[in-house]
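The values are calculated or read from the model by the stated rules, or taken from the named source; none is laboratory data. All of these numbers come straight from a predicted model, not from anything done at the bench. Here the Cβ positions follow ideal geometry from the backbone for every residue, glycine too, while neighbour counts run over all protein chains shown.
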């Protein structure tokens with residue numbers, strides 16, 4: 001298996017591996033031994049970007065990662081990304097993107113991770129209550145204080161990404177204004193909604209995309225074709241509703257196409273699905289989560305795969321997202337504007 005290649009994260013100097021390690025299940029479904037084995041396998045394969053959040057497993061994901069960066073893999077060999085927004089305490093100040101909550105959440109994340117800074121700090125979701133200028137000012141403070149190196153967002157739609165990125169860019173010549181370099185969004189063969197507005201905005205603004213759930217919440221592995229296996233997320237009380245939206249006829253057709261492609265290429269459906277999203281315009285690093293090191297190694301095998309054009313086009317066709325006005329405006333010529 002070839003070492004994982006590296007890419008710049010958006011229009012920034014931050015270079016990350018083009019596959020990121022997700023830790024959402026760490027501390028809940030993935031114990032410390034399995035997490036350690038994953039982190040070692042990821043690093044040995046050339047992976048550098050490890051993604052977590054303050055809400056994952058009630059903070060246990062960050063705590064576990066912090067211990068592993070002390071005892072298993074040196075901190076300076078990985079890039080740590082975390083997020084803030086979700087509910088971590090009682091009352092209105094225990095959530096959201098107010099200045100008070102974000103500053104408190106950042107300090108708490110650093111304490112759990114046993115770090116003095118994050119390489120990438122992301123606003124986990126758009127806050128409809130707090131003025132976004134206030135949230136961005138808090139991000140600026142985090143960067144100027146040295147506690148954060150680069151800033152990103154997550155789950156932002158096209159106009160939200162455009163507003164926040166343009167606001168930060170407009171003040172780029174002012175002291176302390178931190179650019180937005182990434183948007184972490186759900187993106188896979190069974191979820192291509194970001195292609196309507198988010199992908200064009202990201203390409204225009206120089207923002208790198210970090211796809212979460214690039215395997216379609218596990219559906220693209222093919223394991224749900226004949227029902228939900230007893231040990232799968234789809235069979236668990238905690239994740240069943242997370243998987244169910246993609247157990248429909250459209251997803252079945254897409255999974256069938258992935259399995260056909262994998263069979264023809266002599267590889268796995270995991271590798272096919274990851275290679276497809278990895279090479280989409282604007283994508284920097286799909287974020288892959290796994291319960292075991294063996295599962296992670298299956299994802300890392302995608303590094304060796306480049307999809308032939310005919311297979312990529314077939315997957316594009318079977319999973320195509322419907323575009324319309326205004327995101328798919330026709331290309332007008334000057335002649336069209338004449339009376």
Test: residue in the stretch 22-37 that is in contact with a helix residue (DSSP H, G or I) (Cβ under 7 Å, 6 or more places away or on another chain), within 30 Å of residue 137 (Cα to Cα) and surrounded by fewer than 24 Cβ atoms within 10 Å (Cβ to Cβ): yes
Out of all the residues in the stretch 133-152, which are surrounded by fewer than 18 Cβ atoms within 10 Å (Cβ to Cβ) and either part of a strand (DSSP E or B) or in contact (Cβ under 8 Å) with a residue 12 or more places away in the chain (or both)? 133, 134, 137, 141, 144, 146
Residues being assigned to a helix (DSSP H, G or I) and within 22 Å of the chain's Cα centre (by Cα) - total across the stretch 60-107: 15
Residue among 115, 123, 102 that alone is in contact (Cβ under 8 Å) with a residue 12 or more places away in the chain and either out of contact with any helix residue (DSSP H, G or I) (no Cβ under 8 Å at 6 or more places or on another chain) or surrounded by fewer than 23 Cβ atoms within 10 Å (Cβ to Cβ) (or both): 115
With in a loop (DSSP other than H, G, I, E, B) and touching a residue at least 60 places away in the same chain (Cβ under 8 Å) as the only criterion, which of 7, 2 stands out? 2
Subset of the stretch 153-178 that is under 19 Å from the mean Cα position of the chain (by Cα) and part of a loop (DSSP other than H, G, I, E, B) - its residue that is surrounded by the most Cβ atoms within 10 Å (Cβ to Cβ): 156
State whether the residues of the stretch 6-15 include one that is over 17 Å from residue 66 (Cβ atoms), over 18 Å from the mean Cα position of the chain (by Cα), at pLDDT 95 or above and surrounded by fewer than 24 Cβ atoms within 10 Å (Cβ to Cβ). yes
